[in-house]
Every structure is written in structure tokens, then in C-alpha cells.
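Read the figures in this text as sums done on the coordinates, not as results from a lab. Predicted, not measured: the structure shown is a model, and the values here were computed from it. Cβ placement follows ideal geometry from the backbone for every residue including glycine, while neighbour counts extend to all protein chains displayed.
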Amino acid sequence: MKVQTLSRRPQSPTEKRQAVEAAVLQAMEDLLADGATYATLSVERIATRAGISRTAFYFYFADKRELLMRLAAELSDELYGEADAWWSGAGDGPEQLRAALGKIAVVYRAHGPLVCAIVELSTYDEVVGPFWHALVGRFVEASAARIAAEVTAGSSAAPAPEATAFALVWMTERTLHQMLVQDGGLPDDELVGALAGVWVATVYGG
């Protein structure tokens, strides 16, 4: 009698690509978390950590800069999801704002080495700089829309919603970055509380 054996369904080319890309992305973030710097991190080291060859790496990514930009985009999406609780919420505005900022700070802390690598590279890299600014610009645009809606509803007297959002969002980006760089300075909860106080006072008054 012929015995049938069960085997796992082979991955499709698309599934394989997604799996390898995910492994490479995770490898880079893990190496950064282990203390490696972007400048000294080689493609070969990233590929080895991901379990592929250096040659195979270039089948999936052009270089380590593209890899970092993919990680930055994924981080931005995660942060955007937390901030959306305030942007699209219909409940208590100040409370939603405080909660969103608290969750954003948690994401920053969880991906601290990655955030620091992105921000550092954005200060001098001609490609990563505009890319990161555009990602932060999404937060400015969405915040401006929420502030404008609050002004229309009579819940806010904030002047110039776009300018106000620009100032608040970039203040938050710089502050949370320094929270990571100057780790051990101010407690996270106190810093986030101060940020929330500035946002709420600026947008809602009081």
C-alpha cells in the first residue's frame, strides 16, 4: 500500500519575496538594536543576519539606504495608526490627544535605535532627508485638518491651523528623538505629559 506523506505547501514567488524582505528588514533593526550604527553596518552583515547571501540581498534591495527607508515608512505607518485616534476621533478631543501622544512615545521607545538612525541620516543624506520630512509632513497635514475642524466647531481658537500643526508636530518629533538620545534624563511619562500639555493648551486652550 502506498503511503501518502503530507508536506507544507511550497511558497509562491510572492510569498517567498515577502518572507525574505521581512527577514532582511528585521535583521537590520535587530543589528541597530544590538548597538551597530548605520554608518558601520555593512550589507554583508545584514544579509548574514537575515540568513541570505550578500548577492541575494541585492535581488531584494538596492542598498542599505533603501532598507532603512523601508523601515522608516513602516515606522511612520505604525505611528500614524496611533495618531489617528485623535485625527479621526469623535470623542473627547483633549483626552484622545493625550492618549495618542502617549502611544506614539511608546512606539518611539520600542524602535529607539531605528529612530535615531533615521533622524541622524536625514540630517545629511540628500535622499533620506526629503523622504523623512515628507513622512513627518503627513502628520502635519492630518493634524492641521483636525485643528481646522476644531476651530470650525468652536472647540479651538488656534490661529493658522497649518502653521500651528507644523510647529507642534516638529516639536514632538525633536522632543521624542531627544528622549531617546538623552536616555536617562527626564522620565518618559513626564516628558510625554509636558508635550500633551503644550498640545492641549495650544489647540484647546486652558
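Some observations on this one:
- Options Leu75, Leu97; residue that is within 22 Å of Ala23 (Cα to Cα) and crowded, with 18+ Cβ neighbours inside 10 Å: Leu75
- Residue match in segment 127-148 (condition: touching an Asp or Glu at 6+ places or on another chain (Cβ under 6 Å), in a loop (DSSP other than H, G, I, E, B) and in contact (Cβ under 8 Å) with a residue 40 or more places away in the chain): no
- Every residue from segment 34-47 that is surrounded by 15 or more Cβ atoms within 10 Å (Cβ to Cβ) and either within 15 Å of Leu121 (Cα to Cα) or over 22 Å from the mean Cα position of the chain (by Cα) (or both): Ala36, Tyr38, Leu41, Val43, Arg45, Ala47
- Segment 15-35 residues that are within 18 Å of Pro113 (Cβ to Cβ), paired with ones that are in a helix (DSSP H, G or I) and among the charged types (D, E, K, R) (beta carbon under 7 Å, 6 or more apart): Leu25/Arg70; Ala27/Arg49; Asp30/Arg49; Leu31/Arg45; Leu31/Arg49
- When Ser155 is tested against (1) assigned to a loop (DSSP other than H, G, I, E, B); (2) out of contact with any Gly (no Cβ under 9 Å at 6 or more places or on another chain), just one condition goes unmet, and that condition is (2).
- Complete set of residues in segment 166-197 that are under 18 Å from the mean Cα position of the chain (by Cα) and farther than 17 Å from Val106 by Cβ: Phe166, Leu168, Val169, Trp170, Met171, Arg174, Val181
- Flag for Leu97 being hydrophobic (A, V, I, L, M, F, W, C) and under 14 Å from the mean Cα position of the chain (by Cα): no
- Elements of type helices (runs of 4 or more DSSP H) in segment 34-105, at least 2 residues being among the charged types (D, E, K, R): 43-50, 64-87
- Screening Trp87 on (1) crowded, with 17+ Cβ neighbours inside 10 Å; (2) in contact (Cβ under 8 Å) with a residue 12 or more places away in the chain; (3) within 17 Å of His177 (Cα to Cα) shows it passes everything except condition (3).
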